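Working notes for the structure below.
The values are calculated or read from the model by the stated rules, or taken from the named source; none is laboratory data. If you're wondering where the values come from, they're calculated on a predicted model, not measured in any experiment. Cβ atoms come from the backbone with ideal geometry, glycine included; neighbour counts cover every protein chain shown. Surface areas here come from the heavy atoms of the whole protein model, side chains and all, with no ligands, DNA or RNA. Shrake-Rupley method; radii C 1.70, N 1.55, O 1.52, S 1.80 Å.
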Amino acid sequence: MARPQWRSVADQLRPKRPKLATLIDNAEPDMLASMRFPAQHRAKLHSTNPLEHFPI
């Protein structure tokens, strides 16, 4: 379901923001790579960036 949604967003932007739509087109394989994992694994994927866990 992610790929059609990704395409829809890019297509909506294309008329007014063609450069951004092209950027989204080119980023699709990298950004959706985690979708190849089984659903139970995707739910556990998160950033390991320690700054995200720093209390503010």
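In this structure, does F54 turn out to be at pLDDT below 65, of a type outside the set (D, E, K, R) and over 16 Å from Q5 (Cβ atoms)? Against the criterion (at pLDDT below 65, of a type outside the set (D, E, K, R) and over 16 Å from Q5 (Cβ atoms)), F54 qualifies. Just to be sure I understand the filter: pairs with C-beta atoms under 6 Å, separated by 6 or more residues or on different chains, first member in segment 30-44 and within 14 Å of M1 (Cα to Cα) and in contact (Cβ under 8 Å) with a residue 12 or more places away in the chain, second member open to solvent by less than 100 Å² (accessible area, probe 1.4 Å) and among the small types (G, A, S). Which pairs pass? Note: pairs meeting the criteria are L32/A2; M35/A2.
To keep it simple, each residue is scored yes or no on (1) open to solvent by less than 60 Å² (accessible area, probe 1.4 Å); (2) of a type in the set (F, W, Y); (3) at pLDDT 80 or above; (4) in contact with a helix residue (DSSP H, G or I) (Cβ under 9 Å, 6 or more places away or on another chain).
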| position | (1), (2), (3), (4) |
| --- | --- |
| S8 | yes, no, yes, no |
| L13 | yes, no, yes, yes |
| K16 | no, no, yes, no |
| A21 | yes, no, yes, yes |
| L32 | yes, no, yes, yes |
| H41 | no, no, no, yes |
| P50 | no, no, no, no |
